[in-house]
Amino acid sequence: MNRPVALVLGAGMGGSAVARALAQDWFVVVVDRDEALARPLAESVGGEWAVVDLLDVTALAGFRDDLLARHGRLDAVIHLVGGWAGSTTVDVDALTAWDAIAPGVFGTVRTTTVVFRDPLVRSDAGCYVMVSSTAAGKPTAGNVAYATAKSAAETWVRGLAHSFKDTPARAVIVAVKALVDDRMRAANPGKDFPGYTDTAALADAIAGILEQTGPANGTRVDLTEG
């Protein structure tokens, strides 16, 4: 395997844009819980796909070991797993929202950083990228569950960055308000989507981050600024 290997976690519209942006220079492996999303995306970029429970450390470690046995390397992990649930205020619905989204937003960051850390350290320029939300720093009564989960995930990734100290590896956080693509615009004519980040811009940003001249370990890139 001559090309570096990038693992894209999440085959939604953000993951799709990132996979396509990386495909020319990277060998892309797409992971999603839905084969109907993962398979066609991977096939369209000449990569591989897998359905893996990202909360199951044993299954995830088995997937990692198989990946390394076949390719001999892992150079980037891009975490695009998410979900959203809100509440009217800080009430029982907020607890329900937390239970619904915390595993995907926060739990999968914990497991994937633990399982993939060592291969990234062994890479010449390993990088873990987490796509977060500006809501992490702006909790409200309605988004308290989501903001807390994203904030916790960012804290965990900053801890990963600290663990990369004195190694070639980096951990970088990318923050967006929300994502938008052409299909969303077509489905909502006349809507402005203020503050949203186009998936193409997200993909370009992540491609730049993965370059060896990209942001330093522990950097948080806010794509809503400017």
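For Asp222, list long-range residues whose amide hydrogen, built 1.01 Å from N in the peptide plane, is under 5 Å from its own amide hydrogen.
Under 5 Å from the amide H of Asp222: Ala175.
Between region 5-60 and region 135-175, how many Å separate their Cα centres?
So the separation of the two Cα centres works out to 22 Å.
With runs of 4+ DSSP H residues as the only contributors, calculate the mean residue ellipticity of the chain at 222 nm using -39,500 (n - 2.57) per run, divided by the residue total and rounded to the nearest 500.
So the helix-based figure for the chain works out to -13500 deg cm²/dmol.
Quick check: net charge around Ala38, other residues with Cβ under 15 Å of its Cβ, Lys/Arg +1 and Asp/Glu -1?
Neighbour charge sum, excluding Ala38 itself: -3.
So what's the net charge close to Arg117: Lys and Arg +1, Asp and Glu -1, counting the other residues with Cβ under 15 Å from its Cβ? It would help to have the intermediate numbers written out before the result.
Working: positive: Arg64, Arg73, Arg110, Arg122, Arg158, Lys165, Arg170; negative: Asp65, Asp75, Asp118, Asp166.
Summing Lys and Arg as +1 and Asp and Glu as -1 gives +3.
None of the figures in this text is laboratory data; all of them are computed from the coordinates on show. Model, not experiment: these values are computed from the prediction. Reconstructed Cβ throughout: ideal geometry from the backbone, glycine too, with neighbour counts over all protein chains shown.
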